[in-house]
Amino acid sequence: MPLPLSAPSAPRGLDALWPLCVDLTERRRRGATASAAGLPLAWSANGGYALDGEWDAESRALFALFKPLLDRQGDDARWVVGQLGQSLDGCIATHNGDSFFVNGPEGLVHVHRLRALCDAVIVGAGTACLDNPQLTTRRVAGPNPTRVVIDPNLRVPAGARVFTDGQAPTLLVCDPEHARRAAARVGADRVIAVTRSPALQGQIPLGEVVAALHGRGLDLLFVEGGGVTVSQFVRQGCLDRLHLLVAPVMIGAGHPGLQVRRADAMREALRPPARTFALGTDLLWDLDLRASPA
Ligand SMILES: NC(=O)c1ccc[n+]([C@@H]2O[C@H](COP(=O)([O-])OP(=O)(O)OC[C@H]3O[C@@H](n4cnc5c(N)ncnc54)[C@H](OP(=O)(O)O)[C@@H]3O)[C@@H](O)[C@H]2O)c1
């Protein structure tokens, strides 16, 4: 049988898709006008980016998952996405704080990808104390984001890795009464002092934190955890999108994940538009909180 003159080219895969996502992120950070020129993509002001040419199924799924982030360009770039990796029974860690690991390896890679695509990663004091995280992108290629710790009372130890490892800048959000001590730890220019709001039951108003970060040129923000912090972002209406990664595991009476305002009737319950994606054995729920009627 005669050989074909030219073999059909194989569809592109993740090894091409992920660098493309990082490239789009770097262009956004540089303030470049959104454009697909020279890239295997199409761009339109209404529809955002679309893959051009042949891509394998895994790459098309990953692009669909990140498209809402990648489409945030120019004046539209300011955006907040959160995540929680939880068990089937709604826990993000055991009762004594062990969360290594709730999710499978694909879920962990997903978190590192979100870090790489966002300008800043935010965690609460509980996570910073219990996990001593680095909040870097060591599982994927891509830049480390600026790290932000919400620690109103400065209870995270000064020796925590985010303050000492030098892998990326760390900003510290605290109550103004601790601002001087915070400045001694991270430098005055890296302290965001925000007064608690009586109207928010003494919580820090996260809209002020988000505005302060945007004011520093950090447009795309990633709230990584834990449950108290992500829930506060949802309750205060400061989250645009939430990725809930549900793992097929049951923990029982552990650290709770999402805790939103109580609905007395089902018609009052939050029911945001949702998409699902398989990440290994985990199921990722991508929730569009801005489109939620409540
Ligand atoms: N599975 C996952 O996806 C995941 C992700 C991250 C962490 N984790 C796990 O989650 C656990 C920690 O989570 P957590 O829910 O207990 O704590 P957390 O959300 O990490 O931190 C909560 C604390 O942060 C401060 N805080 C955050 N937002 C605030 C606001 N708006 N106003 C005032 N203070 C604010 C408060 O500190 P003060 O208490 O000092 O007032 C609050 O108690 C750890 O076990 C960690 O391993 C799991």
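Nothing in this text is a laboratory measurement; each read-out follows from the coordinates by a stated rule. Fair warning: this is a prediction, and the values are worked out from it, not measured in the lab. Don't worry about glycine lacking a Cβ; one is built from the backbone with ideal geometry, like all the others, and counts go over all protein chains shown.
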Row for the stretch 26-84, column shape: gyration tensor on C-alpha, a ≥ b ≥ c, rounded if a/c < 1.5 i.e. under 1.5, prolate if a/b over b/c, else oblate; value oblate
Net charge within 15 Å of Ala263 by Cβ-Cβ distance, Lys/Arg positive one each and Asp/Glu negative one each, not counting Ala263 itself?
+3
Packing-ranked peptide list from 268-279, 206-217, highest mean Cβ count within 10 angstrom first, is 206-217, 268-279
With a 10 Å radius around each residue's Cβ, average the other Cβ atoms per peptide and rank 86-95, 244-253, 52-61, highest first.
86-95, 244-253, 52-61
Counting Lys and Arg as +1 and Asp and Glu as -1, what is the net charge of the other residues whose Cβ lies under 13 Å from the Cβ of Leu213?
+1
Skipping prolines and chain starts, which residues have an amide H placed within reach, meaning under 5 Å, of the one on Asp282, given they are 5 or more residues away or on another chain?
Gly104
For the pair Arg29 and Ala263, what calculated FRET efficiency results from E = 1/(1 + (r/R0)^6), where r is the Cβ-Cβ distance and R0 = 41 Å, to the nearest 0.05?
0.55
If one computes the Cα centroid of the stretch 133-152 and of the stretch 248-263, what distance in Å separates the two points?
25 Å
Per-q log10 I(q)/I(0), the chain, q = 0.13, 0.16 Å⁻¹ (Debye; single scatterer per alpha-carbon; no solvent):
-0.94, -1.40
Take the Cα of Ala212, step 7 Å along the line toward its Cβ, and report every residue of the stretch 137-157 whose backbone nitrogen sits under 19 Å from that point.
146-157
Sum up the charges of everything whose Cβ sits under 14 Å from the Cβ of Asp288, counting Lys and Arg as +1 and Asp and Glu as -1, but leave Asp288 out.
+3
